[in-house]
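**Student:** Just dropping this structure here.
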Amino acid sequence: MGWYTFKNLKSGSIEGFEGYSQFKSVKEFNTHVEMWLAVKKQAFSKGELVGLTGTIST
């Protein structure tokens with residue numbers, strides 16, 4: 001599923017977007033984000049990391 005798949009999405013409650021996620025839980029999502037950040041962390045400035053982790057943390 002690419003970014004273009006979401007062009008017709010309307011804003012709404014977060015529960016309405018579950019069908020678009022490849023993750024079964026928030027815990028699984030967070031685990032994948034942590035693994036991705038372990039690889040890509042050096043590509044971001046300190047400020048970008050603070051913003052990114054603050055945005056995706058639950």
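**Student:** With the condition kept exactly as written, say whether any residue in the range 1-20 is of a type in the set (S, T, N, Q), at pLDDT 85 or above and open to solvent by less than 80 Å² (accessible area, probe 1.4 Å).
**Tutor:** No: the range 1-20 contains no residue that is of a type in the set (S, T, N, Q), at pLDDT 85 or above and open to solvent by less than 80 Å² (accessible area, probe 1.4 Å).
**Student:** For a quick check of your reading of the model, give me the residue pairs whose first member lies in the range 28-54 and is open to solvent by 100 Å² or more (accessible area, probe 1.4 Å), whose second is outside any helix (DSSP H, G or I), with beta-carbon atoms closer than 8 Å and at least 6 apart or on different chains.
**Tutor:** Close Cβ pairs (under 8 Å, with a partner that is outside any helix (DSSP H, G or I)) do not exist here.
**Student:** Out of (1) part of a loop (DSSP other than H, G, I, E, B); (2) modelled with pLDDT of 90 or more, what's the single condition that is false for Val39?
**Tutor:** (1)
The values are calculated or read from the model by the stated rules, or taken from the named source; none is laboratory data. If you're wondering where the values come from, they're calculated on a predicted model, not measured in any experiment. Methodologically, a virtual Cβ is constructed for each residue, glycine included, from the backbone with ideal geometry; neighbour enumeration extends over all protein chains shown. Quick note on the areas: whole protein, heavy atoms, side chains included, nothing else; ligands and nucleic acids left out. Shrake-Rupley method; radii C 1.70, N 1.55, O 1.52, S 1.80 Å.
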